[in-house]
Amino acid sequence: MSSHVQAPPTQFNFAAHLIAANARHPSKTALTDDAGSLSYGELADQIQRCAASLQASGLRREERVLLLMHDCTDWVVSFLGCLYAGIVPVAVNTLLTKEDYAYMLAHSRSQAALVSAALLPTLQSAMQSAPNEVKAVYVSRPTTTLPAGCTEWADLLKATPLTQNAPTQGDEPAFWLYSSGSTGRPKGTVHTHANAYYTAELYGKGVLGIKENDVCFSAAKLFFAYGLGNGLSFPLSVGASVILMAERPTPDAVFSRWKGQIAGMNTAQPTIFFGAPTGFAGMLAAPNLPAKNEVALRMCSSAGEALPADIGQRFEKHYGVEIIDGIGSTEMLHIFLSNLPGKVRYGTTGWPVPGYTIELRGENGGSVPDGEPGDLYIHGPSAALMYWNNREKSRDTFQGAWTKSGDKYVKNADGSYTYSGRSDDMLKVSGVYVSPFEVEATLVQHNAVLEAAVIGKEDAEGLTKTKAFVVLKAGQTATEDELKAFVKEKLAPFKYPRFIEFVSELPKTATGKIQRFKLRDLEASRG
């Protein structure tokens with residue numbers, strides 16, 4: 001695993017780079033979704049036709065286009081078609097409200113929208129609710145007559161292919177992703193053509209070792225930084241095949257793809273699966289978890305939140321397959337700190353990905369000793385340029401060559417790093433920092449516990465103590481005292497949760513991250 005990756009040329013277009021990399025095998029399957037497959041030759045042709053149509057419609061270089069689609073081949077063609085033409089796709093979460101989309105349309109000044117038919121009503125409501133600059137709406141896979149002002153997405157493929165890509169620079173804005181903070185408006189995170197290249201070279205090839213004969217399947221959707229690498233940048237950089245899934249990644253939906261079954265079709269079985277801790281926990285608890293001999297997995301990846309050791313160990317015991325846990329961010333585009341194939345230490349996030357440098361800093365900005373929590377900073381070539389129209393937040397996050405992650409970590413004696421929690425989630429109990437994640441990871445080791453989330457709660461004396469919200473597995477029971485005693489046996493006495501509340505579900509983001517701030521708000525509202 002070398003950090004010595006050749007930099008792309010100054011003039012560089014990521015879409016053209018992928019087309020050139022796969023010209024040698026035009027008949028090989030690149031993408032398979034719920035409706036069928038595209039070969040690499042067909043993918044290149046559709047990218048170039050889409051690019052030509054977008055240019056012919058009057059869209060100019062660097063102008064933004066909203067990309068609001070469920071995962072399918074049209075998503076990939078739209079994204080790469082924009083890049084090829086020098087147009088900037090703004091890939092957005094498909095689970096948001098019309099208010100969110102109205103804000104994003106105005107903030108990005110999107111000149112057009114590429115949308116799945118199922119999401120068109122929400123987009124139209126957003127467009128009617130606030131001023132925007134959208135001049136054209138292209139609808140993917142409609143099943144009914146389109147309303148006035150909308151064009152079928154497939155019409156974009158009727159143009160003569162654009163054989164010469166826009167002469168973009170590697171450092172030129174290529175696409176946006178919106179970073180969903182726990183507070184305030186989402187931030188338009190601007191990434192370059194070179195950023196996608198570096199994540200594929202350093203992590204996709206360098207750490208995961210994705211090969212041409214792999215079949216990649218990601219539960220995380222393409223509009224997430226994590227999913228964009230898993231389902232597009234990484235596999236298409238090496239000529240691998242991709243399984244795309246429009247529906248929610250429920251255990252049943254995931255299991256059917258693992259077995260090579262999509263909407264009645266028999267397809268290639270995934271060799272690499274990309275998930276999140278919540279998803280892995282749900283699958284392990286599912287009654288119909290496939291047997292080892294029913295799947296073709298050789299490796300799994302996890303990100304989104306730190307993977308509890310117990311989940312990784314149980315999954316590996318069942319399948320004989322490692323889960324490579326790592327941490328990335330929208331701002332860094334993909335994973336920069338990771339366990340390694342053949343070198344997994346469950347309960348940690350592993351070691352810096354070659355090509356990235358990590359620092360842990362204290363409240364005064366200086367380095368912290370090993371074993372003590374510090375704020376995680378990253379130095380690496382895939383950092384975003386900025387948050388669009390947000391100078392204050394940009395300066396706070398992108399500090400010269402370093403990017404502030406907002407996470408707390410501890411460096412271990414073997415050079416690995418252990419997650420402590422988001423900086424704003426950390427608790428001080430009896431004057432000592434307590435990681436909510438450490439308490440949660442201990443609780444989920446109990447046989448009855450499916451998930452847990454820990455926040456701070458003031459006791460009768462006004463002192464902060466830990467409180468756990470616990471979701472039990474179906475058909476299981478446990479008492480507060482039982483769980484308190486369980487944690488006391490495993491952690492320092494001051495860390496055990498003084499308060500436990502049993503709930504049916506935890507508030508989460510679309511990526512499966514627990515929203516502890518919502519639990520804090522709930523607790524505060526109770527007085």
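The values are calculated or read from the model by the stated rules, or taken from the named source; none is laboratory data. Predicted, not measured: the structure shown is a model, and the values here were computed from it. Methodologically, a virtual Cβ is constructed for each residue, glycine included, from the backbone with ideal geometry; neighbour enumeration extends over all protein chains shown. The area values use the complete protein model at the heavy-atom level, side chains included, leaving out ligands, DNA and RNA. Shrake-Rupley method; radii C 1.70, N 1.55, O 1.52, S 1.80 Å.
One residue is enough: does the stretch 302-309 have a residue meeting the conditions surrounded by fewer than 22 Cβ atoms within 10 Å (Cβ to Cβ), within 30 Å of Ala91 (Cα to Cα) and at pLDDT 95 or above? Checking the stretch 302-309: not a single residue is surrounded by fewer than 22 Cβ atoms within 10 Å (Cβ to Cβ), within 30 Å of Ala91 (Cα to Cα) and at pLDDT 95 or above. Close contacts from the stretch 293-315, counting a first residue that is more than 11 Å from Asp325 (Cβ to Cβ) and a second that is basic (Lys, Arg), with Cβ to Cβ under 9 Å and a gap of 6+ residues or different chains, come to Glu294/Lys259; Val295/Lys259.
Within the stretch 438-447, restricting attention to residues that are touching a helix residue (DSSP H, G or I) at 6+ places or on another chain (Cβ under 8 Å) and either over 23 Å from Ser423 (Cβ atoms) or of a type outside the set (Asp, Glu) (or both), which residue is surrounded by the fewest Cβ atoms within 10 Å (Cβ to Cβ)? Can you show your working first?
First, the residues of the stretch 438-447 that are touching a helix residue (DSSP H, G or I) at 6+ places or on another chain (Cβ under 8 Å): 438-439, 441-446.
After this cut, where a residue has to be either over 23 Å from Ser423 (Cβ atoms) or of a type outside the set (Asp, Glu) (or both) as well, the list is 439, 441-446.
Details: Val439: 23, Ala441: 23, Thr442: 26, Leu443: 29, Val444: 19, Gln445: 16, His446: 20.
Ranking the candidates gives Gln445 first.
Of everything listed in (1) buried (at least 23 other Cβ atoms within 10 Å of the Cβ); (2) over 22 Å from Leu340 (Cα atoms), the single unmet condition for Asn266 is (1).
Right, Leu80: within 26 Å of the chain's Cα centre (by Cα) and among the hydrophobic types (A, V, I, L, M, F, W, C) or not? For Leu80, the condition - within 26 Å of the chain's Cα centre (by Cα) and among the hydrophobic types (A, V, I, L, M, F, W, C) - is met. The residues of the stretch 330-345 that are in contact with a Gly (Cβ under 8 Å, 6 or more places away or on another chain) and surrounded by 23 or more Cβ atoms within 10 Å (Cβ to Cβ), listed by number, are Met332, Leu333, His334, Ile335, Phe336, Leu337, Ser338, Asn339.
Residues in the stretch 22-50 that are open to solvent by less than 70 Å² (accessible area, probe 1.4 Å) and among the acidic types (Asp, Glu) were compared, and the one that is nearest to the chain's Cα centre (by Cα) is Asp33. Is one or more of the residues making up the stretch 128-135 out of contact with any helix residue (DSSP H, G or I) (no Cβ under 9 Å at 6 or more places or on another chain) and either farther than 27 Å from Met265 by Cα or modelled with pLDDT of 95 or more (or both)? Looking for residues that are out of contact with any helix residue (DSSP H, G or I) (no Cβ under 9 Å at 6 or more places or on another chain) and either farther than 27 Å from Met265 by Cα or modelled with pLDDT of 95 or more (or both), one finds at least one in the stretch 128-135, hence yes.
Any idea which residue in the stretch 394-405 is farthest from Asn339 (Cα to Cα), counting only those that are surrounded by 15 or more Cβ atoms within 10 Å (Cβ to Cβ) and touching a strand residue (DSSP E or B) at 6+ places or on another chain (Cβ under 6 Å)?
If we take residues in the stretch 394-405 being surrounded by 15 or more Cβ atoms within 10 Å (Cβ to Cβ) and touching a strand residue (DSSP E or B) at 6+ places or on another chain (Cβ under 6 Å), then Ser394 is farthest from Asn339 (Cα to Cα).
If we keep just the residues of the stretch 337-369 that are over 30 Å from Glu201 (Cβ atoms) and not small (Gly, Ala, Ser), which is modelled with the lowest pLDDT? Ranking the qualifying residues of the stretch 337-369, first place goes to Glu363.
Rundown of residues vs (1) free of Cβ contacts under 8 Å to residues at least 12 places away in the same chain; (2) open to solvent by less than 10 Å² (accessible area, probe 1.4 Å); (3) assigned to a helix (DSSP H, G or I), yes/no style:
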site	(1), (2), (3)
Ala20	yes, no, yes
Ala52	no, no, yes
Leu59	no, no, no
Leu80	no, yes, yes
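Scanning the stretch 477-509 for residues that are over 23 Å from Asp459 (Cα atoms), open to solvent by 50 Å² or more (accessible area, probe 1.4 Å) and of a type in the set (Ser, Thr, Tyr) returns Thr477, Ser504. Residue-level check: of (1) at pLDDT 95 or above; (2) within 26 Å of Thr479 (Cβ to Cβ), Tyr417 misses just (2). Of the residues making up the stretch 85-102, not a single one is over 19 Å from the mean Cα position of the chain (by Cα), of a type in the set (D, E, K, R) and closer than 23 Å to Ala166 by Cβ. Within the set Leu177, Leu156, Leu208, Leu222, the sole residue that is buried (at least 23 other Cβ atoms within 10 Å of the Cβ), out of contact with any Gly (no Cβ under 9 Å at 6 or more places or on another chain) and either touching a residue at least 12 places away in the same chain (Cβ under 8 Å) or under 25 Å from Leu385 (Cα atoms) (or both) turns out to be Leu208. Against the numbered list (1) open to solvent by less than 20 Å² (accessible area, probe 1.4 Å); (2) part of a helix (DSSP H, G or I); (3) in contact (Cβ under 8 Å) with a residue 60 or more places away in the chain; (4) among the aliphatic types (A, V, I, L, M), Leu66 comes up short only at (2).
Kindly check whether there is at least one residue in the stretch 229-250 that is of a type outside the set (A, V, I, L, M, F, W, C), surrounded by fewer than 19 Cβ atoms within 10 Å (Cβ to Cβ) and within 15 Å of the chain's Cα centre (by Cα). Yes: the stretch 229-250 contains one or more residues that are of a type outside the set (A, V, I, L, M, F, W, C), surrounded by fewer than 19 Cβ atoms within 10 Å (Cβ to Cβ) and within 15 Å of the chain's Cα centre (by Cα). In summary, Lys465 fulfils each of the numbered conditions (1) touching a Gly at 6+ places or on another chain (Cβ under 9 Å); (2) surrounded by 22 or more Cβ atoms within 10 Å (Cβ to Cβ); (3) over 30 Å from Lys393 (Cα atoms) with the single exception of condition (2).
Selection of the stretch 237-272 for residues being basic (Lys, Arg) and under 22 Å from Phe224 (Cβ atoms) yields Arg248, Arg257. Considering every residue within the stretch 388-396, establish whether at least one is of a type in the set (Phe, Trp, Tyr) and not in a loop (DSSP other than H, G, I, E, B). Checked the stretch 388-396: no residue is of a type in the set (Phe, Trp, Tyr) and not in a loop (DSSP other than H, G, I, E, B). Kindly indicate whether Ser110 is open to solvent by less than 10 Å² (accessible area, probe 1.4 Å), modelled with pLDDT of 95 or more, among the polar types (S, T, N, Q) and in a loop (DSSP other than H, G, I, E, B). In short, yes.
Scan the stretch 346-368 and tell me whether some residue there is assigned to a helix (DSSP H, G or I), over 25 Å from Glu438 (Cβ atoms) and open to solvent by 20 Å² or more (accessible area, probe 1.4 Å). No.
Quick test for you: out of Thr29, Thr97, Thr73, pick the one residue that is hydroxyl-bearing (Ser, Thr, Tyr) and modelled with pLDDT under 95. Walk me through it before giving the result.
Details: Thr29 fails: modelled with pLDDT under 95; Thr73 fails: modelled with pLDDT under 95.
Testing whether each residue is hydroxyl-bearing (Ser, Thr, Tyr) and modelled with pLDDT under 95 leaves just Thr97.
Criterion applied to Ala474, Ala453 was being among the small types (Gly, Ala, Ser), open to solvent by 60 Å² or more (accessible area, probe 1.4 Å) and touching a residue at least 60 places away in the same chain (Cβ under 8 Å), and the one residue passing it is Ala474.
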